[in-house]
Structure formats: C-alpha cells, structure tokens
Amino acid sequence: MRSRATVIVLALALSQMLAVCHSFSQEAPENARKIVARVAPQYPSIARSMGIQGNVRAVALVAPNGTVKSVEVKGGHPLLAEAAQKALRQWKFENTPHESYEIIEIRFAP
C-alpha cells in the first residue's frame, strides 16, 4: 500500500514538472530577439544529390550588439547542420543590453 502511494505522489510531481516546462516553452517565442539580417544557408550539393532534407535546430549565443558569438547544433543531418552553422554565424539580431540564447530552426528542402 505504501509503494502505491509513493508512485501516485511521484506521478503527480512529474506531471506538475512537465506542466511548468510546457509553460516555459510557450513563452520563449515572445522573448526572442528580432532578426535584423538573415543569411540563407547554402544547400550542400551532396545533400541535394542524395535527397537529404529536413530541419536543423540550433542555439545561437547572441552578443548585446546583435552579432552571433557561437552556434551549437541541437539536431539535424550533419551535412545540413554545417551549412546552417555557417549561415547563422552571419545573422544579425536587434541590440539589447545583454547576451541571449536564441533557438533557431532552419528547414532544408530541395
């Protein structure tokens, strides 16, 4: 009986944690910095010939002046990820008083 109560309490705690995480993810787009200049990635010819397509997800560390300091790829095909990184390093965001991390998703389709 005691283990059943423990499982129920843990399940309730987990559901509350997931609800909090979900609410944060909904707020993220409102807090995102505006993109001032966007450079389109070059679709790698080898990826195009192999029929590789999809999304690349990345997190960019943006300096207060709006330049991209670093890019960390979080998902996507490696051939596409490299092209996305090169393009994202050239993007320019609006100025703010502090650094920020921006979540970006780039779609590659032939």
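The values are calculated or read from the model by the stated rules, or taken from the named source; none is laboratory data. Since we're looking at a predicted model, the values are computed, not measured. With ideal geometry, Cβ positions are generated from the backbone for all residues, glycine too; neighbour counts draw on all protein chains shown.
Worth a mention:
- Residue tally, condition under 17 Å from residue 108 (Cβ atoms) and not charged (D, E, K, R), over the stretch 32-89: 32
- Selection status of residue 33, assigned to a loop (DSSP other than H, G, I, E, B) and either under 17 Å from the mean Cα position of the chain (by Cα) or at pLDDT below 90 (or both): yes
- Tally, over the stretch 74-99, of residues that are surrounded by fewer than 15 Cβ atoms within 10 Å (Cβ to Cβ) and within 12 Å of residue 59 (Cα to Cα): 3
- Scanning the stretch 33-63 for residues that are closer than 16 Å to residue 100 by Cα and surrounded by 13 or more Cβ atoms within 10 Å (Cβ to Cβ) returns 33, 35, 58, 59, 60, 61, 62, 63.
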